[in-house]
Amino acid sequence: MDLSSASTSIRVPPIVPRWNSSYCMKMPIKAKPITSNLFLGFPRSCSKPVSRGQRRPNSIMACSQVGAAGSDRPIADRISDFKDACWRFLRPHTIRGTALGSFALVSRALIENKDLIKWSLLFKALSGLFALICGNGYIVGINQIYDISIDKVNKPYLPIAAGDLSVQSAWLLVIFFAVAGLLIVGFNFGPFIFSLYTLGLFLGTIYSVPPLRMKRFPVAAFLIIATVRGFLLNFGVYYATRAALGLTFQWSFPVVFITTFVTLFALVIAITKDLPDVEGDRKYQISTFATKLGVRNIAFLGSGILLLNYIVSILAAIYWPQAFRRWLMIPAHIFFASSLIFQAWILEQANYTKEAISGFYRFIWNLFYAEYALFPFI
């Protein structure tokens, strides 16, 4: 279901004294122009260096005492920085999953009912996609607001943890996402879809917000993720699309397949998402499967569930040839399964370093995208 900003050059004294900070470089800095990321004219706090794929183009590796120099930056640059922080706040990889899932289910419903396609439905489809992105933004945003301390250890590149987005701005964004999504769904998709959408927001809230904060409990956490990203998204989008076409809801073999497949896949995402975060979760006593069972065991468990998913997909194509295109479904899932085995082998050879774990988790998301991209054609 992905901005750069100009930077302000300033000069610092020839030698900057050392100071104690776990986030700053502890060495003298020779005089030379440096750049500083400023948020709306104010100096941002120093953050840990992040990987190349996550580093912003104008980020710096040391703290600078810039005072009020940021007020001289052009307003266009400060707006660009704010847009960049908002985009990272939305967690783009989750948006891609939501958007691809919506596109796949809508496409399937239209393929099954080609004679009912009308251009007048395009606006309704786009408004529904925007509502889903708003719901996605609310859930990942509320999680970041309540996970600031943990994110400073696990994900220091996220905008609140990095000091690029204030908590007040984050709250305004999540309130906007919730209100906009509810209004769009309420006015365009009827009471049943509105109730499903509200349920999704509720589950996303209790996942992160005290006193329930269900993410503390591994089983409850992965069930919530699987329900929202698996069942609610797929069933809800397909139901809403058929309703927009003037049809009553009816399951089909492909839709049963993708709903079941993605729900199990969401379980894997739920248990493997904590693999790169073990350090921070242990520090803040967040109980996850990764902290309880160990990184290696969870990687094997997640890979095993996905392999089972792919084997069942191949068998479904064999036993129900009238429902699926064998020539596409069987070789595609053999390829996905083989790629997964290879990536698990790479992770094992890398001895489960944090960089290798992060790469493995990104690969799982790529498999998730690939399944949705394949679905309309099976």
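Rule-based calculations on the coordinates, nothing more; no lab input. Fair warning: this is a prediction, and the values are worked out from it, not measured in the lab. FYI the Cβ positions are ideal-geometry reconstructions off the backbone, even for glycines, and counts take in every protein chain you see.
Kindly identify segment 251-378 as rounded, prolate or oblate by the Cα gyration tensor criterion: order the square roots of the eigenvalues as a ≥ b ≥ c, call it rounded if a/c is under 1.5, otherwise compare a/b with b/c, prolate if a/b is larger, else oblate.
Prolate is the answer for segment 251-378, as a/c is 1.5 or above and a/b outweighs b/c.
Within segment 236-270, whose backbone N sits under 14 Å from a point 7 Å along Cα→Cβ of residue 199?
236-240
Could you check the spin-label model distance between residue 223 and residue 251? Points 7 Å from the Cα along Cα→Cβ, value in nm.
About 2.1 nm separates the two model spin labels.
Taking a ≥ b ≥ c as the square roots of the eigenvalues of the Cα gyration tensor of segment 151-287, is the shape rounded (a/c under 1.5), prolate (a/b larger than b/c) or oblate?
The shape class here is oblate.
Test of the criteria: in segment 68-144, which chymotrypsin sites (Phe, Trp or Tyr not before Pro) are in a DSSP loop and have at most 16 other Cβ atoms within 10 angstrom of their Cβ?
Of the chymotrypsin sites (Phe, Trp or Tyr not before Pro), the ones in loops of segment 68-144 whose Cβ has at most 16 other Cβ atoms within 10 Å are 119.
Subtract the Cα-Cα distance of residue 126 and residue 243 from 0.36 nm times their separation in residues, and report this length gain in nm to one decimal.
Here the answer is 40.6 nm.
Within segment 209-225, find all residues whose amide N lies under 18 Å from a label point positioned 7 Å from the Cα of residue 148 along Cα-to-beta-carbon.
Inside the label zone: 209-211.
Rounded to the nearest 0.05, what FRET efficiency do residue 338 and residue 75 have when you use their Cβ-Cβ distance and R0 = 41 Å?
0.20
Taking 7 Å along the Cα-to-C-beta vector as the label spot, tell me the residue 209-residue 366 distance in nanometres, rounded to one decimal.
3.7
Apply the Karplus parameterisation 6.51 cos²θ - 1.76 cosθ + 1.60, with θ equal to phi minus 60°, to every residue of segment 174-188 and state each ³J(HN,Hα) to the nearest whole Hz, in sequence, with x for glycine and proline.
Per residue, the Karplus-derived 3J(HN,Hα) values read 5, 5, 4, 4, 5, 5, 4, x, 5, 5, 4, 5, x, 8, 10 Hz.
Find the relative contact order for segment 238-378 and round it to a whole percent, using C-alpha pairs within less than 8 Å whose residues are 6+ positions apart.
Reported relative contact order: 26 percent.
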